[in-house]
Structure formats: structure tokens, C-alpha cells
Amino acid sequence: CLDSEGKLHEFGSQWRTDDCNDCSSSRDGIRCCSSYATPVDYDKEKCESIFNKETCSYKVVEKDDHSKECPVHSWVG
């Protein structure tokens with residue numbers, strides 16, 4: 001199978017893209033989905049979410065002090 005970047009993948013193989021998607025190939029084609037959860041229920045006035053592309057994950061921190069994490073009550077993935 002050829003992926004969207006033109007890279008060749010064997011049937012039955014799995015990989016993670018630069019965009020943090022987990023993909024797999026089969027004789028039916030390539031399937032990809034997000035490898036991370038997105039925070040949706042937190043104090044958006046006081047806090048902000050920051051995506052780390054190295055770890056493919058979000059961190060929710062106070063806008064005024066990024067060393068302080070904020071509680072997240074709900075995530076979607």
C-alpha cells in the first residue's frame with residue numbers, strides 16, 4: 001500500500017505518522033486514526049491546552065503559569 005506521503009507499506013504493517021496518527025495497512029487499504037485524546041472539559045478561561053508533537057499528547061496548563069497543570073474532566077479521542 002502507498003500512504004498519502006507516497007511511502008510504501010507492507011500489508012499487515014502498522015506505523016505512526018508525523019501528524020500523530022496511528023495507521024495500519026491491509027489488502028482492503030490503509031486505515032488511520034488519531035493516536036491521542038483531546039481535552040474538552042476544563043476551565044478554558046484560566047487554562048489552555050498545548051499539544052506536544054514529540055509525545056503526541058496534550059497538556060492542560062494555566063495560561064499565566066505553564067508549570068501548573070489544570071484538571072481535565074473529559075477527553076475525546
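Some points to look at:
- Filtering GLU10, GLU45 for residues that are open to solvent by 60 Å² or more (accessible area, probe 1.4 Å), more than 28 Å from VAL72 (Cβ to Cβ), among the acidic types (Asp, Glu) and assigned to a loop (DSSP other than H, G, I, E, B) leaves a single hit, GLU10.
- Selection from region 56-65 of residues that are outside any strand (DSSP E or B) and open to solvent by less than 80 Å² (accessible area, probe 1.4 Å): CYS56, ASP65
The values are calculated or read from the model by the stated rules, or taken from the named source; none is laboratory data. From a predicted model like this one, the values you see are computed outputs, not experimental measurements. Using ideal geometry, Cβ is built from the backbone for each residue, glycine included, and neighbour counts are taken over all protein chains shown. These area figures cover heavy atoms from the full protein model, side chains too; ligands, DNA and RNA do not enter into them. Shrake-Rupley method; radii C 1.70, N 1.55, O 1.52, S 1.80 Å.
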